[in-house]
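Reading through the structure tokens given below for one structure.
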Amino acid sequence: MNDDKPIYEREEDIIEQDPDAEPIYDRKLLTQPYDLVIESLIEQINNKTLYLRPINERPSFQRRYVWPDLLASRLIESILLNVPIPPCYLSQNEEFELDVIDGQQRIYSIYRFLKNQFRLSGLEILKEINKKFFYELDRKVQRKIATHTLRCVVITNDSNPKIKFDVFERLNTNTVPLNAQELRNCIYRGTLIDLLGKLSEYEPWHNILRTKKPDKRMRDEELILRFYAFQIKGIESYYTPQKHWLNDMAKAGRRFSNERIEELSDLWKSTIDKCLIIFSPHDCFRRLPVTKSKVINRALMDLTMCSLANVSKQKVMDISIEFYNRYLQLMNNQYFIDMISKSVDHKSRTLGRFMIWHDEMCNGLL
């Protein structure tokens, strides 16, 4: 899948800011600067008190966090030449572990070199150490690298989580900046985040999205997280900015038990399967009629999945034709189409379309 290829409709924002958005009164942001010695940093990675995505992440998402050897070699040369390196930003969680938010490539490049995973190449000033692994360097040069300090700024666990997340969105300076779900994958790693990754592999879900593998930018995982947020937290809990509401769900799911995760996995898969009783994969979660290139609509997915989640498979089979016909009829309701096409994350419009959906799709049927 092309990283930038859309997997859902890009809705129009007719209102720049949701007037119902909850203000953040507690703006506490606590930071602590550290000069971390490289060998100490490596030790923290090894004992897992510092979490580095390329090492701990599932393989399908590792590649984008790894610099090519030429670029990594120049970083090592910069260290030896005492060239200033931009600071790395770390997030402290409730267990006082550290997650690397900005600086993944730099730290991982250093880690790889000290683990003898690549030879230095393309060095223009220190040409004499080209083609050498770390273990082949003179002891003095090895010590200079290992004892070099990196400036790291830790945003502590005492900071307001909403402010903390917003700051990380602004700070991350990757070539392709991390989106909200990629940040959640780091900040709120745990059993629920792991489940999202596994469910993104579900083949019927791929058929609906018209893809062959999970989205590298984790946008498909955010769609699954939305489903769980509506199911577990409920529509009545919804607030904006939506990213903070989804963060609450991701944080709450960090320590879900194995039994709870199994229940949620079954719920997602069975609900997708029930949707496919009514719709073909190419129709599912889309505005009908569709063209071959039409992507799904996030709002329609929320509505369809939530209405069928707790309905038995037999019931869905019994009402499938009537449900589909009502769906087609609803596609002619221009007010509803507006509600699923413009400023869809705003609170009043989210609540409004759920009410319309209930009246038109569920009354007397579900």
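A count restricted to the range 76-109 and to residues that are part of a helix (DSSP H, G or I) and either out of contact with any Phe, Trp or Tyr (no Cβ under 9 Å at 6 or more places or on another chain) or closer than 18 Å to L50 by Cβ (or both) stands at 10.
Give R217, R254, R210 a once-over and let me know the one that is more than 18 Å from the chain's Cα centre (by Cα), charged (D, E, K, R) and more than 21 Å from S307 (Cα to Cα). Explain how you work it out, then say what you get.
On the way: R217 fails: more than 18 Å from the chain's Cα centre (by Cα); R254 fails: more than 18 Å from the chain's Cα centre (by Cα).
Result of the check over R217, R254, R210: R210.
Screening M218 against (1) touching a Cys at 6+ places or on another chain (Cβ under 7 Å); (2) on the phi > 0 side of the Ramachandran plot leaves a single unmet condition, (1). Residue-level check: of (1) touching a Ser or Thr at 6+ places or on another chain (Cβ under 9 Å); (2) modelled with pLDDT of 95 or more, L137 misses just (1).
Would you check if there is a residue in the range 252-271 being touching a Leu at 6+ places or on another chain (Cβ under 9 Å), among the aromatic types (F, W, Y) and at pLDDT 95 or above? Within the range 252-271, one or more residues are touching a Leu at 6+ places or on another chain (Cβ under 9 Å), among the aromatic types (F, W, Y) and at pLDDT 95 or above. Could you tell me whether D338 is of a type in the set (D, E), in contact (Cβ under 8 Å) with a residue 40 or more places away in the chain and out of contact with any strand residue (DSSP E or B) (no Cβ under 8 Å at 6 or more places or on another chain)? Against the criterion (of a type in the set (D, E), in contact (Cβ under 8 Å) with a residue 40 or more places away in the chain and out of contact with any strand residue (DSSP E or B) (no Cβ under 8 Å at 6 or more places or on another chain)), D338 does not qualify.
Could you run through the range 275-299 and say how many residues are among the aliphatic types (A, V, I, L, M), within 26 Å of the chain's Cα centre (by Cα) and either within 13 Å of F230 (Cα to Cα) or not in a helix (DSSP H, G or I) (or both)?
Residues in the range 275-299 being among the aliphatic types (A, V, I, L, M), within 26 Å of the chain's Cα centre (by Cα) and either within 13 Å of F230 (Cα to Cα) or not in a helix (DSSP H, G or I) (or both): 3 in total.
The values are calculated or read from the model by the stated rules, or taken from the named source; none is laboratory data. Since the structure is predicted, the reported quantities are computational estimates derived from the model, not experimental observations. We place every Cβ from the backbone using ideal geometry, glycine too, and count neighbours over all the protein chains shown.
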